[in-house]
Amino acid sequence: WGAGYADIIKENKLFEQYYQELKIVPEGEWEQFMEAMREPLPATIRITGYKSHAKEILHCLKEKYFKEIQDLEVDGQKIEAPQPLSWYPDELAWHTNMSRKILRKSPLLEKFHQFLVSETESGNISRQEAVSMIPPLLLKIEPHHKILDMCAAPGSKTAQLIEMLHSDMDIPFPEGLVIANDVDNKRCYLLVHQAKRLNSPCIMVVNHDASNIPRLQIDCDGKKDILFYDRILCDVPCSGDGTMRKNIDVWKKWTTSNSLHLHGLQMRIAVRGVEQLAVGGRMVYSTCSLNPIEDEAVIASLLEKSEGALELADVASEVSGLKWMPGVTSWKLMTKTGEWYTNWSEVPQNRHTQIRPTMFPPTDPEKLKEMKLERCMRILPHHQNTGGFFVAVLVKKAPMPWNRCHPKVQYEWLNKTCKPAAEAEKTPAETADEAVEAAMKDKPKDLEASRESTVKQDGVCGPPPSKKMKLFGFKEDPFVFLSEDDPVFPPIQKFYNLAPNFPKLNVLTRTHEGKKRNLYMVSKELRNVLLNNSERMKVINTGVKVWSRNNDGEQFGCAFRLAQEGIYTLYPYINARIITVSVEDIKVLLTQENPFLSKLEAQSHAQAKQLGMGSIVLRYEPDPKNQDAPQCPIELCGWRGKTSIRAFVPKNERFHYLRMLGVEVFREKRQDDRSKAKAEGEEGGGAPDSMTMETEVDGEQSVAPPKADTEKLKQQSS
């Protein structure tokens, strides 16, 4: 057991033979390319741009953590000062020359590592590979866009999409939405974890096969309409040979068969994506593979099928500072046994199932020139010390050819089930939906037969055969929207003095029966999608929690306390139960267990005394005259007890706010320190998990409170 795993030898002769022949690496750079591929991938981080705290975190990183690590030497390697990625806006993305392994293992970097872990959990930082940040940037997202992420797990790009949607923090509910999909039920929960960190009411996670993701309906001015997306991110499954620097298994497992097997799936996903894209919309197709079979071959085939409906956008100016290679216009295929094919006519009959015509470049030089494949971008590892990546931006100019005959031919087989009078009053989409439902109820077998016969007619564009939605994985609780006159609202409305424009219809719960434990909020657009497609799609998660049931609160006038996750969404509508606090007040609240009201400064103390017991909002307003204090507003949830006050803030967020206020937060890992802290804790007032905080509050050293259990909290509150 002590020997560990044998080192993987970073060599693959087939890989070298294949890519040298394809000439995707510029002449004279092959050795540099291979050398870079064998080096560990450097750590990169991205600061969550939409949060008002971004500038504060950036200041904290530059002035404190980066300065502390830049002169260190670890395992004989000198740590260089982290540098901003030149092509990422506002210095919000940084890279270092440290690998993830060094960052995790070195005691000298422990403080910096803890900072990264804690801020990542709070959603203020994302540890994401540099090239992975490119596709969302190229989508050019605006707050009103409806966005689909087709293969979203593990969710770092999805997080970027959400950030861009919320670029204006003053708008709690942007008009747009993000639907994040993944085929793997278990990976969907990883996606939920990533998205939840950002506390957005505009994200929905669904579980479908991307190549067959259902077309959704929405209500538009009282009529049923199809939801077309303004932006689609199509980051397809791939062989991953661009990730060899971090996934060293790929060295051993790489073969040309991987690309041949995946090409068909990548084509189907891309086709499904452009079908659901709105005219004028933009789809970004990306892979972490360098292979033209997975890259240019898919794009060329898609452009050919579109008959002019799609075009490649020239996006070089949108990522200035990024070094990339233009897409290739000629490539060959190689089997794992080393046989080469330059076009479809050379492929023997017995290979026709593995090798398809769409894998080869177009044979017509004019067509090839019109495609402008050189607008595709291939990022090579040795140019800017990154992973390998491919990205192409497609713009939709017109409906796809196979969708253009909608609705005429598709509804001929439905005429018998539609009444003429009803047809005159309704849109084609409504008529078709009602006809399908009627036909399904009466004669489902006849309908299927008629559908199949329509599809089989040569040269006729008809609907595909219907597929029943397969339900697999964990069965989710329902999403139940509350009505405006729900009895849960009057006490909440009165207690928090909610604004008259508070959108009650956007509030949902996860149970049909019994007491509602938590209340969530979604945007108006997501509500529209949920209400019209509950049978069409499997929703894993949506909504941000805004209230949690607290039965003790009932005696104070409201059974629901505010939840920290949803406070930035809810705060614009709250007009009562607000205490304005200072920097010193926040330090007291976040470092002491249950401070007495008298510990607050005079103004905050006076406001707190005027409020009855129950849930409160603690609001900090920045002072432009005091540049040393945080220059962004802070809202914390709290509880006003009989004689004390408490902040209801998760541990990682506590650490985040304390860092913003200049408090040093550090967890000692050594065993003797842990025992010492435990002993101090038994004597009273010890720090949780050996977490030390170097700050003085009211003249004495303080520590963050451990998470009190509910019973203890109830006693202290009352």
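The values are calculated or read from the model by the stated rules, or taken from the named source; none is laboratory data. The shown structure was predicted, so the numbers you read here are calculated from the model rather than taken from an experiment. Neighbour counts are summed over all protein chains in view; Cβ atoms, including those assigned to glycine, are modelled from backbone coordinates with ideal geometry. Keep in mind that these areas ignore ligands, DNA and RNA; they rest on the heavy atoms of the full protein, side chains included. Shrake-Rupley method; radii C 1.70, N 1.55, O 1.52, S 1.80 Å.
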Per-region count, region 592-607, residues closer than 10 Å to Ser644 by Cβ and either assigned to a loop (DSSP other than H, G, I, E, B) or not polar (S, T, N, Q) (or both): 7
Test: residue in region 289-298 that is closer than 27 Å to Asp209 by Cβ, in contact with a helix residue (DSSP H, G or I) (Cβ under 9 Å, 6 or more places away or on another chain), of a type in the set (Gly, Ala, Ser) and buried (at least 21 other Cβ atoms within 10 Å of the Cβ): yes
Enumeration of residues in region 138-194 that are open to solvent by 10 Å² or more (accessible area, probe 1.4 Å), hydrophobic (A, V, I, L, M, F, W, C) and touching a Ser or Thr at 6+ places or on another chain (Cβ under 6 Å): Met169, Phe173
Counted residues, region 484-530 - those being over 24 Å from Asp552 (Cα atoms), open to solvent by 40 Å² or more (accessible area, probe 1.4 Å) and touching a Lys or Arg at 6+ places or on another chain (Cβ under 8 Å): 3
Candidates Arg197, Arg187 - the one that is closer than 15 Å to Thr48 by Cα and basic (Lys, Arg): Arg197
Wholly enclosed helices (runs of 4 or more DSSP H) of region 43-157 bearing at least 1 residues under 22 Å from Cys234 (Cα atoms): 134-139
Filter result (farther than 18 Å from Ser330 by Cβ, among the polar types (S, T, N, Q) and either part of a helix (DSSP H, G or I) or open to solvent by 40 Å² or more (accessible area, probe 1.4 Å) (or both)) within region 359-397: Gln384, Asn385
Residue satisfying condition, being buried (at least 24 other Cβ atoms within 10 Å of the Cβ) and over 14 Å from Leu161 (Cα atoms), within set Asp241, Asp219: Asp241
Where Lys252 falls short, out of the listed (1) at pLDDT below 95; (2) crowded, with 20+ Cβ neighbours inside 10 Å; (3) of a type in the set (Lys, Arg): (2)
Residues located in region 301-344, provided they are of a type in the set (Asp, Glu) and closer than 23 Å to Pro26 by Cα: Asp314
From the options Val74, Val117, residue that is open to solvent by 20 Å² or more (accessible area, probe 1.4 Å) and either touching a strand residue (DSSP E or B) at 6+ places or on another chain (Cβ under 7 Å) or within 25 Å of Asn247 (Cβ to Cβ) (or both): Val117
Answer from Ser317, Ser345 - the residue that is loosely packed, with under 14 Cβ neighbours inside 10 Å, closer than 27 Å to Gly281 by Cβ and modelled with pLDDT under 95: Ser317
Evaluation of Val581 against (1) in contact (Cβ under 8 Å) with a residue 12 or more places away in the chain; (2) in contact with a helix residue (DSSP H, G or I) (Cβ under 7 Å, 6 or more places away or on another chain); (3) open to solvent by 20 Å² or more (accessible area, probe 1.4 Å) (one fails), failing number: (3)
Filter result (out of contact with any helix residue (DSSP H, G or I) (no Cβ under 6 Å at 6 or more places or on another chain), more than 24 Å from Glu565 (Cα to Cα) and open to solvent by less than 40 Å² (accessible area, probe 1.4 Å)) within region 98-114: Met98, Ser99, Ile102, Ser106, Glu110
Sole exception among (1) over 26 Å from Phe655 (Cα atoms); (2) of a type in the set (Gly, Ala, Ser); (3) touching a Ser or Thr at 6+ places or on another chain (Cβ under 6 Å) for Gly76, by number: (3)
Any hit, region 644-659, residues being of a type in the set (Asp, Glu), assigned to a helix (DSSP H, G or I) and surrounded by fewer than 21 Cβ atoms within 10 Å (Cβ to Cβ): yes
Yes/no for Lys224 being in a loop (DSSP other than H, G, I, E, B) and surrounded by fewer than 19 Cβ atoms within 10 Å (Cβ to Cβ): no
Any chance Val588 is surrounded by 17 or more Cβ atoms within 10 Å (Cβ to Cβ), under 27 Å from Val205 (Cα atoms) and in contact with a Pro (Cβ under 7 Å, 6 or more places away or on another chain): no
